[in-house]
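Working notes, structure below.
The values are calculated or read from the model by the stated rules, or taken from the named source; none is laboratory data. What you see is a predicted model, and the numbers here were worked out from it, not measured in a lab. Cβ: placed from backbone, ideal geometry, glycine included. Neighbour counts: every protein chain shown.
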Ligand SMILES: [Zn+2]
């Protein structure tokens with residue numbers, strides 16, 4: 001499932017594939033991914049415009065055009081790929097943006113849980129993002145402590161709730177909590193100041209390495225590298241990892257060091 005590092009990777013794909021280029025043609029192969037906009041209105045709005053510097057907020061990608069903004073969300077299975085227009089169109093290629101004779105940006109998504117929105121202006125961008133908390137990469141330590149201390153539920157729930165903090169998903173939250181040695185079920189509002197600080201520090205570090213990797217990599221020294229093992233052991237202390245459901249998601253942690 002795309003989390004902040006994956007979407008940051010899609011932002012880079014958009015930048016390198018299409019930034020500065022004119023959108024020559026938009027092909028919508030599946031209108032099921034369009035939200036609040038028809039194929040015709042989408043084409044009228046963006047064809048002939050140029051992609052400018054893309055932005056990201058949490059798991060949202062903002063494809064700027066100097067006028068309307070395309071807002072992309074990748075749900076569980078979405079991605080953005082840079083292709084040649086002659087490349088075979090795959091079954092899950094839903095919207096194609098031709099930006100050069102040899103370049104085509106494709107929104108590819110199997111499950112179509114989210115998709116594309118068109119924001120005509122900044123107030124519409126703000127409206128689409130109004131339920132998003134601060135971006136996990138951009139949030140300050142103070143703001144982070146404030147949003148966590150205001151939550152009643154578990155720290156895992158707080159970290160993965162996009163309206164509290166935008167960008168973290170299931171893998172990242174488990175990885176960060178494991179590094180910070182905090183139980184996913186601890187109450188967010190009960191965290192001591194030192195715990196909160198450690199959590200913030202590990203969130204920053206984990207985001208830095210995952211953004212560089214473009215995903216949450218299943219490295220051997222990481223919790224993520226072991227969570228799907230048949231009999232998973234903690235890569236730090238060797239104790240058996242525990243699995244349960246927290247915040248409605250499969251959660252993995254080490255009962256020994258967390
Ligand atoms: Zn452990």
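Just checking, does region 206-222 include any residue being assigned to a loop (DSSP other than H, G, I, E, B), within 14 Å of the ligand (Cβ to nearest atom) and closer than 30 Å to residue 140 by Cβ? Yes, because at least one residue in region 206-222 is assigned to a loop (DSSP other than H, G, I, E, B), within 14 Å of the ligand (Cβ to nearest atom) and closer than 30 Å to residue 140 by Cβ.
Kindly indicate which of 165, 118 is buried (at least 19 other Cβ atoms within 10 Å of the Cβ), touching a helix residue (DSSP H, G or I) at 6+ places or on another chain (Cβ under 7 Å), assigned by TED's automatic domain parsing to the domain that holds residue 74 and more than 19 Å from residue 254 (Cβ to Cβ).
118
When the residues of region 248-258 are narrowed to those that are assigned to a strand (DSSP E or B) and in contact with a strand residue (DSSP E or B) (Cβ under 8 Å, 6 or more places away or on another chain), which ends up farthest from residue 2 (Cα to Cα)? Within region 248-258, the match that is farthest from residue 2 (Cα to Cα) is 253. Tell me which residues, restricted to region 174-198, are within 25 Å of residue 6 (Cα to Cα) and free of Cβ contacts under 8 Å to residues at least 24 places away in the same chain. Selection gives 180, 198. Screening residue 159 on (1) free of Cβ contacts under 8 Å to residues at least 60 places away in the same chain; (2) within 20 Å of residue 59 (Cα to Cα); (3) surrounded by fewer than 22 Cβ atoms within 10 Å (Cβ to Cβ) shows it passes everything except condition (3).
Scanning region 223-247 for residues that are touching a helix residue (DSSP H, G or I) at 6+ places or on another chain (Cβ under 9 Å), in a loop (DSSP other than H, G, I, E, B) and more than 14 Å from the ligand (Cβ to nearest atom) yields a single hit, 247.
Applying the criterion of at least 3 residues that are over 29 Å from residue 243 (Cβ atoms), within 19 Å of the chain's Cα centre (by Cα) and modelled with pLDDT of 95 or more to the helices (runs of 4 or more DSSP H) found wholly in region 99-196 leaves 122-128. The numbered conditions (1) in a helix (DSSP H, G or I); (2) in contact with a helix residue (DSSP H, G or I) (Cβ under 7 Å, 6 or more places away or on another chain) are all true for residue 56 except (1).
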